[in-house]
Amino acid sequence: MSQNGETKNIFLSGVGGQGTILAGNILGQVLLEAGYDVKKAEVHGMAQRGGDVTTHFRYGKKVYSPLIKEGDVDFLVSFELLEGLRYINWVKPGGKVIINNHRILPPAVNLGKMAYPAGMEEIFKKHFGENFWIVDGRGIAKALGNIQVANVVLIGALSRFFPSLEPEPWIDVIKSILPPRLHEINVKAFYEGRRAIKIE
Amino acid sequence: MKRILQGNEAIARGAWEAGVTVGCAYPGTPSSEILARLSEYGEVYTEWSPNEKVAMEVAHGASVAGGRALVCMKHVGLNVAADPFMTISYVGVRGGMVVAVADDPGQHSSQNEQDSRQWARFGKVPLVEPADSRECRDYTKIAFEISERFDTPVLLRSETRVSHCDSPVELGERRESGMERKLDKKEVSKLVMVPMHARIRRHAVEERMKNLASYAERDFPFNEMEINDPSVGFIASGVSFLYTKDVFPQYSFLKLGMAWPLPARMIREFFDQVRKVVIVEELDPFLETEIRAMGFRVWHGKDLVPSIGELTPTAIDRSLSKAVTGKETVSVPARFDTEELPKRPPNLCAGCSHRPLFYALRKLKLFVFGDIGCYGLGAAPPLSAMHFSTCMGAGVGGSYGAGKVLGEEGLGKICAVLGDSTFLHSGIGPLMDAVYNGGYSTTIIMDNGITAMTGQQEHPATGFTIRGEPAPMVDFEQLARSVGVKHVRTVDPYNIKETVEVIREEVARNEASVIITKNSPCMLLRRARPQERFRHSHYRIQEDVCRGCKICLNVSCPAISWVAEEGETRDGDRRKGRASINADQCVGCAVCVQVCEFESIVPLAE
Ligand SMILES: Cc1ncc(C[n+]2csc(CCOP(=O)(O)OP(=O)(O)O)c2C)c(N)n1
Ligand code: SF4
Ligand code: SF4
């Protein structure tokens, strides 16, 4: 995605426990090995208690700031629908959006005080048209037998947008980060994610 | 070899490469991973200390004996450790001593937003400020050298966006420090800070700062000047430099790797080379105040750059673009009003033992003097069961002090709650006060067997060291009795009725009392097998029994949600909606079961 060394910005959002951190780690290692400088920022604090989580991910020839400027996101990858909508204004004109088709109700919705936003797919379609993809990461992961691998499905989907990178470096990094007993299912999840993206 | 390291990991790596022999810390976001990672290096003795003051003192002892020592804490931890810190500045060191302090601008997980650079000026010690992981490693290494060369502790200031950011680092090898390990009685005039000696050291400290200033000027390799377009020059340090460089890459920069003391001549040279100077720093106008006091004409600083909250490239762009480039920032028009979206604050985990305890406190309608930890989440609605919280340990003294004003009127109305780690950190002193000075107060120790809030660190009552080796355990009951508390009781918080009764009795007493929770391990503490305690693994709500009274929603369990759907119970009661349990999230703690008045919650058939 990055040409002539210019810095590119990927923003991951989701809910604590969805595996955004692992996804960011895979991305970081793959791009480092591809020869880029990388920076990644995340707030850990209360991530484990079901709060919202974000990762700023930047790569290029030389990256300074670890944080992305609002409106400069080239790629928004959200692990949850509402958490995608929350950052819709961060994406630059012409930027791309991948969203996992998964709803996790926030407390105010659980308590019946607020409604979970409706029609999100349409909102994204309206603003991003062909640059918007919805991926059934959770469904795919469930079919593979472990909902935890939805994050790797999304990484697989994202990998389609790095045409100069073959699947192998991604697979190698996934294997180097995860314990062997999880290799097979995660490799499958990665390929399923790649297949889930149709690019015209 | 190049590896991607988190800032904290890189600080640990730098310390290890510098031959550190002792590392101590009390956990605190965003600093905790420094020591956790350092403990993985076999050559280094590491420990979770009971609090930051102890950690600072252990590190200093190690330094005096000739070992290189690293002590780590979050920004507010340095308040706790301030007493030793301010005088260690006078005593100085033998083995290099580095104090790593991590700030939290924007208060992602802190009770305040203080700027730790102020400690450098206040304590008269040098401060280095890395911006990314490579610098974390490099600055930590050089900080040990500065410490030994100038006989001073060195502050290494990090912050959330340095500690919790990942970037590549070229790894180096470990080099042992050549310092002889010994204690020297001839050094007493330097090691015993009685007034007579300290007055002499006071002069040495001033002399040291002068020498450090000329070192910062001439030898310190990380104060760097870069002259590009000279129409505007930026002075910045740490991550603020990175943000500014990203937003205004074409201009000139003076990047200060050492934020104290300042290199006056270098600053003069920068002012000579550029036409206008802008100072960009997060939080306080620390550099700006000093540089203005040196007599320089600063064009812009805190008149435009926000001093509250986290600085970001967005904030820098919005506050400075017009002045610097003459052009307003053009922002992407909003596609959606995201402010209106439901927020997603963190919540206590399903099954957490803090939940039933707070539910009991809520039933008793007490004014709860709380504290900091996961249980701080008990303040949020709908539990709303905490009404006071300032800093670690403050709840115990607070409730006791309030009782002194309310007198008999307050009996049965107040109590203090705090976690096991927080109690050991700073709850014992105020408990002694309550006994010694004779007042009433009930202190509830919510013992979940670990420091949970900051990510599962061991402490003196968990039975394990930082490396997971078995260790002696503090016994809270015996400890409370030994400071003179006569009424010490334990409760199983999952039995709400009994818990309510015990608390009711103790808060009514005109004496100090302590209640300790049992059978209450953190849900994330795997070795305690927290889920196995529960009789059933999941519960469900019988749709045709639930009357939609919403009372179970008050326990604030993430597994319970409201379904707005009109209907009828099996005995014909009309209802507006019903509650439902998500079996994926329910862990079977049975707290909601005890709260429901219609017996509609039953075990899910396994
Ligand atoms: C002086 C100081 N040091 C560290 C912290 C960070 N911190 C907040 S709460 C806490 C400990 C929480 O542990 P515990 O009291 O056992 O409660 P739990 O989270 O397990 O419920 C820590 C380390 C702080 N806020 N202030
Ligand atoms: S981490 Fe432990 S103490 Fe914290 S909310 Fe979860 S169960 Fe409770
Ligand atoms: S039993 Fe009730 S309170 Fe406990 S985890 Fe399940 S739904 Fe939540």
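The values are calculated or read from the model by the stated rules, or taken from the named source; none is laboratory data. Nothing here was measured: the structure is a model prediction, and the numbers come from that model. Note: ideal-geometry Cβ built from the backbone for every residue, glycine included; neighbour counts use all protein chains shown. Accessible surface is based on the protein model in full, side chains and every heavy atom, while ligands, DNA and RNA are left aside. Shrake-Rupley method; radii C 1.70, N 1.55, O 1.52, S 1.80 Å.
Just a few scattered comments:
- From the list B:10, B:59, the lone residue that is in contact with a helix residue (DSSP H, G or I) (Cβ under 6 Å, 6 or more places away or on another chain) and away from ligand 3 (no atom under 16 Å from the Cβ) is B:10.
- Look at segment B:324-335: where a residue is more than 14 Å from every other protein chain (Cβ to nearest Cβ) and a partner is modelled with pLDDT of 90 or more and open to solvent by less than 100 Å² (accessible area, probe 1.4 Å), sitting 6+ places away or on another chain with Cβ atoms under 7 Å, you get B:324/B:232; B:324/B:248; B:324/B:278; B:327/B:321.
- Segment B:383-418, residues that are in contact (Cβ under 8 Å) with a residue 40 or more places away in the chain and either open to solvent by 20 Å² or more (accessible area, probe 1.4 Å) or hydroxyl-bearing (Ser, Thr, Tyr) (or both): B:389, B:390, B:391, B:392, B:399, B:400, B:408, B:411, B:412, B:413
- Filtered residues of segment B:574-589 (kept if more than 10 Å from ligand 3 (Cβ to nearest atom), open to solvent by 40 Å² or more (accessible area, probe 1.4 Å) and assigned to a loop (DSSP other than H, G, I, E, B)): B:576, B:584
One line per residue, one yes/no per condition, for (1) closer than 30 Å to residue B:440 by Cα; (2) within 14 Å of another protein chain (Cβ to nearest Cβ); (3) not in a strand (DSSP E or B):
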residue: B:519; (1), (2), (3): yes, no, yes
residue: B:522; (1), (2), (3): yes, yes, yes
residue: B:540; (1), (2), (3): no, no, no
residue: B:544; (1), (2), (3): no, no, yes
residue: B:553; (1), (2), (3): no, yes, yes
residue: B:558; (1), (2), (3): no, yes, yes
residue: B:561; (1), (2), (3): no, yes, no
residue: B:572; (1), (2), (3): no, no, yes
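- Test: residue in segment A:101-118 that is part of a strand (DSSP E or B) and under 22 Å from residue B:585 (Cα atoms): no
- Qualifying residue in segment B:96-104 (condition: closer than 30 Å to residue B:470 by Cβ and free of Cβ contacts under 8 Å to residues at least 12 places away in the same chain): no
- Residue within segment A:65-74 that is within 26 Å of residue A:101 (Cβ to Cβ), more than 9 Å from every other protein chain (Cβ to nearest Cβ) and charged (D, E, K, R) present: yes
- Annotation note: Cβ proximity below 6 Å between a residue of segment A:118-144 that is free of Cβ contacts under 8 Å to residues at least 40 places away in the same chain and a residue that is among the small types (Gly, Ala, Ser) and crowded, with 17+ Cβ neighbours inside 10 Å (sequence gap 6+ or interchain) occurs for A:138/A:150.
- Residues that are within 14 Å of chain A (Cβ to nearest Cβ), open to solvent by 10 Å² or more (accessible area, probe 1.4 Å) and within 16 Å of residue B:139 (Cβ to Cβ), drawn from segment B:1-40: B:6, B:9
- Criterion (under 20 Å from residue B:339 (Cα atoms) and part of a helix (DSSP H, G or I)) met by exactly one of A:127, A:183: A:127
- Of all residues assigned to segment B:207-218, at least one qualifies as being within 23 Å of residue B:156 (Cβ to Cβ) and touching a strand residue (DSSP E or B) at 6+ places or on another chain (Cβ under 7 Å).
- Given (1) in contact (Cβ under 8 Å) with a residue 12 or more places away in the chain; (2) part of a helix (DSSP H, G or I); (3) farther than 27 Å from residue B:39 by Cα; (4) open to solvent by 20 Å² or more (accessible area, probe 1.4 Å), number of the condition residue B:424 does not satisfy: (3)
- Test: residue in segment A:17-32 that is facing chain B (nearest Cβ under 8 Å), touching a helix residue (DSSP H, G or I) at 6+ places or on another chain (Cβ under 7 Å) and of a type in the set (A, V, I, L, M): no
- Note on segment B:6-59: residues that are within 21 Å of residue B:462 (Cβ to Cβ), free of Cβ contacts under 8 Å to residues at least 40 places away in the same chain and not in a loop (DSSP other than H, G, I, E, B) amount to 8.
- Taken as a whole, the structure places residue B:441 among residues that are more than 14 Å from chain A (Cβ to nearest Cβ), modelled with pLDDT under 95 and away from ligand 1 (no atom under 12 Å from the Cβ).
- When residue B:272 is tested against (1) within 14 Å of another protein chain (Cβ to nearest Cβ); (2) surrounded by fewer than 18 Cβ atoms within 10 Å (Cβ to Cβ); (3) out of contact with any His (no Cβ under 7 Å at 6 or more places or on another chain), just one condition goes unmet, and that condition is (1).
- A single member of A:92, A:40, A:61, A:69 is touching a helix residue (DSSP H, G or I) at 6+ places or on another chain (Cβ under 8 Å) and open to solvent by 40 Å² or more (accessible area, probe 1.4 Å), and it is A:69.
- Matching residues, segment B:337-360, being of a type outside the set (A, V, I, L, M), buried (at least 17 other Cβ atoms within 10 Å of the Cβ) and either away from ligand 2 (no atom under 16 Å from the Cβ) or at the interface with another protein chain (Cβ under 7 Å from one of its Cβ atoms) (or both): B:342, B:344, B:346, B:347, B:349
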